[in-house]
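*Asks:* Take a look at this one; I'll ask things after.
The values are calculated or read from the model by the stated rules, or taken from the named source; none is laboratory data. Remember, it's a predicted structure, so these values are computed and weren't measured experimentally. Note that we place each Cβ from the backbone using ideal geometry, even for glycine, and neighbour counts take in every protein chain shown. When the accessible area is computed, the model is the full protein with side chains, heavy atoms only, and any ligands, DNA or RNA have been set aside. Shrake-Rupley method; radii C 1.70, N 1.55, O 1.52, S 1.80 Å.
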Amino acid sequence: MKNLLILCVGFRGSGKSTVASSILRANSGIFLFDPHGDPAYSWIKNTARSVEELEDFARWRRETRPETRAMIRYVPDGRLDPFDALNDFCAWVWPWRNVWMCVEEVSESCRSVSSAGMPPELRRIVNQGRHRLINQVFCGLRYAEIPRPISAGADVQILFACREPGDLDAMRARIGSEAAEKVQGLGKHEALVFFPDRTWQIVGSRDAGLAELVLRDGANVPENASQERS
């Protein structure tokens, strides 16, 4: 089965969280790391504030609701450093299969853009998660601050208007000069979707068909196989 790593980058208010939310809505088994409690994900009714509550959710679902669509949003309570909070979340996700993991503002929880600056459990999921049927969606504000293993390994990138020289230079290194120039010229509520074959398409970020477009070559995961945890 092919599983996806999707990167969505844009400044606040650009619509990136709305796009990520629409992608998650189209799938099953949703686990969201949401340090700021973004209202775009308010449809995810289960919320955990600690790893202990994540474990309680896994136990509840395993014992009483194994047939339901699993979804939970982790909004850390602030007791842990963001690096450690994301590391613990990724460690909790790792045993699951056929799920979608989304990380909001991923660069805020990493110490540098290098692999060494990523929480080790996040690094493991980025490197090996797709082989374990873990689809991944990462959102961030600045392209230059996205950890390189994520931007280099992304199957699909959804990029909103950007005119910051450092971010555009980072884009040129990953998607090429021509696509980066298109990103620079995007208007409000427009996004460039960059595909694995190095083609791209400019779309409206509020387009109801955007999730379907992004997932056109996406994960082929049977619905009845989702949300299993080993």
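*Asks:* For residues that are crowded, with 22+ Cβ neighbours inside 10 Å and farther than 16 Å from LEU80 by Cβ, tally how many sit in region 26-39.
*Replies:* Result for region 26-39: 5.
*Asks:* Quick one: GLU145 ticks every box in (1) more than 12 Å from the chain's Cα centre (by Cα); (2) more than 27 Å from GLU190 (Cβ to Cβ) except a single one, so which number is it?
*Replies:* Looking at each condition in turn, GLU145 falls short on (2).
*Asks:* Considering ALA173, ALA152, ALA180, which residue is closer than 28 Å to SER112 by Cβ, at pLDDT 95 or above and of a type in the set (A, V, I, L, M, F, W, C)? Show your work before the answer.
*Replies:* Numbers: ALA173 fails: at pLDDT 95 or above; ALA152 fails: at pLDDT 95 or above.
That would be ALA180, the only listed residue that is closer than 28 Å to SER112 by Cβ, at pLDDT 95 or above and of a type in the set (A, V, I, L, M, F, W, C).
*Asks:* Does ILE23 satisfy being of a type in the set (Val, Ile, Thr), open to solvent by less than 30 Å² (accessible area, probe 1.4 Å) and assigned to a loop (DSSP other than H, G, I, E, B)?
*Replies:* When the stated conditions are applied, ILE23 does not pass them.
To keep it simple, each residue is scored yes or no on (1) open to solvent by 70 Å² or more (accessible area, probe 1.4 Å); (2) touching a Pro at 6+ places or on another chain (Cβ under 9 Å); (3) on the phi > 0 side of the Ramachandran plot.
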{"residue": "TYR41", "(1), (2), (3)": "no, no, no"}
{"residue": "ALA58", "(1), (2), (3)": "no, yes, no"}
{"residue": "CYS90", "(1), (2), (3)": "no, yes, no"}
{"residue": "CYS110", "(1), (2), (3)": "no, yes, no"}
{"residue": "ALA116", "(1), (2), (3)": "yes, no, no"}
{"residue": "GLU121", "(1), (2), (3)": "no, no, no"}
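*Asks:* Of the residues that make up region 64-73, is at least one touching a residue at least 40 places away in the same chain (Cβ under 8 Å), in contact with an Asp or Glu (Cβ under 6 Å, 6 or more places away or on another chain) and among the β-branched types (Val, Ile, Thr)?
*Replies:* Taking every residue of region 64-73 in turn, none turns out to be touching a residue at least 40 places away in the same chain (Cβ under 8 Å), in contact with an Asp or Glu (Cβ under 6 Å, 6 or more places away or on another chain) and among the β-branched types (Val, Ile, Thr).
*Asks:* Further, regarding this structure: Considering GLN136, GLN128, which residue is loosely packed, with under 14 Cβ neighbours inside 10 Å, within 20 Å of PHE31 (Cα to Cα), under 16 Å from the mean Cα position of the chain (by Cα) and of a type outside the set (A, V, I, L, M, F, W, C)? Before you say what the answer is, go through the steps one by one.
*Replies:* Working: GLN136 fails: loosely packed, with under 14 Cβ neighbours inside 10 Å.
None of the other options fit; the residue is GLN128.
*Asks:* Moving on. Can you tell me which residue in region 10-20 is surrounded by the fewest Cβ atoms within 10 Å (Cβ to Cβ), limited to those that are on the phi < 0 side of the Ramachandran plot, part of a loop (DSSP other than H, G, I, E, B) and out of contact with any strand residue (DSSP E or B) (no Cβ under 6 Å at 6 or more places or on another chain)?
*Replies:* Here the residue is ARG12.
*Asks:* What do you reckon, is VAL137 aliphatic (A, V, I, L, M), more than 16 Å from ASN3 (Cα to Cα) and at pLDDT 95 or above? Spell out the reasoning first.
*Replies:* Values: aliphatic (A, V, I, L, M): yes; more than 16 Å from ASN3 (Cα to Cα): no; at pLDDT 95 or above: yes.
So VAL137 fails the test.
*Asks:* To continue, here is another question. Mind checking which helices (runs of 4 or more DSSP H) fall wholly inside region 102-220 and carry at least 2 residues that are out of contact with any Phe, Trp or Tyr (no Cβ under 9 Å at 6 or more places or on another chain) and without any contact (Cβ under 8 Å) to a residue 60 or more places away in the chain? First the steps, then the outcome.
*Replies:* Working: elements: 120-128, 148-153, 165-175, 177-184, 210-214.
Of the helices (runs of 4 or more DSSP H) lying wholly inside region 102-220, those with at least 2 residues that are out of contact with any Phe, Trp or Tyr (no Cβ under 9 Å at 6 or more places or on another chain) and without any contact (Cβ under 8 Å) to a residue 60 or more places away in the chain span 120-128, 148-153, 165-175, 177-184.
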